[in-house]
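A.B. asks: Got a structure for you, written out below as structure tokens; questions coming shortly.
The values are calculated or read from the model by the stated rules, or taken from the named source; none is laboratory data. None of these values were measured; they are calculated from a predicted model. Please note: Cβ atoms are built from the backbone with ideal geometry, for glycine as well, and neighbour counts cover all protein chains shown.
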Amino acid sequence: MRAALITFFVISMVGVAGCEEEAVDAIDIELVQDPSVNTTEQVASSIDTIVMIVDSPDGLYSPGSERDLGDGLAIRDADGDAQDLELVVTVDVTDGHLPWIRLERGGLGATLLDLHLLGGVGETTEEQPVAEGLVRGVEFEEGIESLTIPFNIRPELLPPRVADVIPGDGESLPGCTLSDVVILFSKPVVAESLRGSISVEPGGEPLEILTDVSGIVAHLKIAPIESTDRLTFGVSVSTSVTDLDDRHLDDVPSLEGDQPFEREITLTCVEPTSTPVRLCEVGAPSDSCPLFPLIQCIDGECIPGTCDRAACIEPYLCSETSHLCELDCRIYGELSVCPDDRPRCDEETGLCVGD
């Protein structure tokens, strides 16, 4: 590894871009939020500190260069690799507003930079980030350039949402009698919180609610709804539904307070092709679940078995691996929010995939 030939960067906070500046090479960084996940106000009110870790594949500082530069700047090992030190800047979040950050070239030569930003509360920010974003391969250009970095609340800290309803709007309904509905949640929910929290109209509260072992799939047995041509029904899920950390369902992050899920769905009636046995147990055929082939019997449970259907509700995508609705991983820039068995975020699809 070669040591970068620099002394230090100059980092400052600026309120707006576009003002007259002296001739410097700098990057003005703006932290942006995806409104389908969270608002700027929600992120800013959840944190009081931002830590930006500046690193480079070529290495910035060699061991022994550790020092406190003052004004929230330090050179230290921030990623557990003592052979490659990083520049770390700590910025306060004040008045509920996310700052702009200016990164000046200083004495840095031509090299690519990785910028990892973590938002949290005080000294716990790096170990327990609330919001996070990452961009790789940043390079200084001549003059002052603008750079936006996705910076959103981490997936596990978001409230639960309804990610999909099966059957979905516009799908076909063999036989034109609906007696089963499946709800996919964005994260595991407490099964007990579903009781009295879900309504399917006409009919009201489901006759029975069955949840799978993951806590993500809720299978509703409802009073049969019948039609002859097109069938329309409504699904409502109240904010009393909670995840395992007691966060309440919030279907519209852009609105203040927790919001219920409400959706009207219209199905096209078609002639039934078969009448499978309504039995799902270990070893049972895949077509033994209601709503087959959208729902299939897998390892004794009626769960989604295919992505060959309408898309999940934005910002969720149907994973070809799990057949569940997963959050679009591109929302976090190049930060890996993917599971260990699928660690890479596919830039084209937004799905987590294996290496």
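A.B. asks: Considering the stretch 161-172 alone, what residues qualify as being farther than 20 Å from Leu210 by Cβ and buried (at least 21 other Cβ atoms within 10 Å of the Cβ)?
C.D. replies: Listed by number, the list holds a single entry, Arg161.
A.B. asks: Looking only at the stretch 248-277, which residues are assigned to a loop (DSSP other than H, G, I, E, B), at pLDDT 85 or above and surrounded by 12 or more Cβ atoms within 10 Å (Cβ to Cβ)?
C.D. replies: Result: Leu249, Asp250, Asp251, Val252, Pro253, Ser254, Asp258, Gln259, Pro260.
Residues are listed down the side, and each one gets a yes or a no for (1) assigned to a loop (DSSP other than H, G, I, E, B); (2) modelled with pLDDT of 95 or more; (3) of a type outside the set (Phe, Trp, Tyr):
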| position | (1), (2), (3) |
| --- | --- |
| Gly196 | yes, yes, yes |
| Leu210 | no, no, yes |
| Ser214 | yes, no, yes |
| Ala218 | no, no, yes |
| Thr228 | yes, no, yes |
| Leu231 | no, yes, yes |
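One line per residue, one yes/no per condition, for (1) part of a strand (DSSP E or B); (2) in contact with a strand residue (DSSP E or B) (Cβ under 8 Å, 6 or more places away or on another chain); (3) buried (at least 17 other Cβ atoms within 10 Å of the Cβ):
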position: Asp79; (1), (2), (3): no, yes, no
position: Gln83; (1), (2), (3): no, no, no
position: Thr94; (1), (2), (3): no, no, no
position: Arg102; (1), (2), (3): yes, yes, yes
position: Gly107; (1), (2), (3): no, no, no
position: Val135; (1), (2), (3): yes, yes, yes
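A.B. asks: Residues of the stretch 105-140 being more than 19 Å from the chain's Cα centre (by Cα), among the β-branched types (Val, Ile, Thr) and within 15 Å of Ile27 (Cβ to Cβ), which ones?
C.D. replies: Of everything in the stretch 105-140, those that are more than 19 Å from the chain's Cα centre (by Cα), among the β-branched types (Val, Ile, Thr) and within 15 Å of Ile27 (Cβ to Cβ) turn out to be Thr111, Val138.
A.B. asks: Quick check on this structure: which one of Leu158, Leu184 is closer than 30 Å to Ala44 by Cα, crowded, with 16+ Cβ neighbours inside 10 Å and at pLDDT 95 or above? Give the steps one after another, and end with the answer.
C.D. replies: On the way: Leu184 fails: at pLDDT 95 or above.
Criteria check complete, one pass: Leu158.
A.B. asks: Additional query: Every residue in the stretch 190-244 that is among the acidic types (Asp, Glu) and free of Cβ contacts under 8 Å to residues at least 24 places away in the same chain, please.
C.D. replies: Glu192, Glu205, Glu208
A.B. asks: Oh, and also: Kindly provide the set of residues from the stretch 278-317 that are in a strand (DSSP E or B) and more than 14 Å from Asp212 (Cα to Cα), ordered by number.
C.D. replies: Tyr316, Leu317, listed by residue number.
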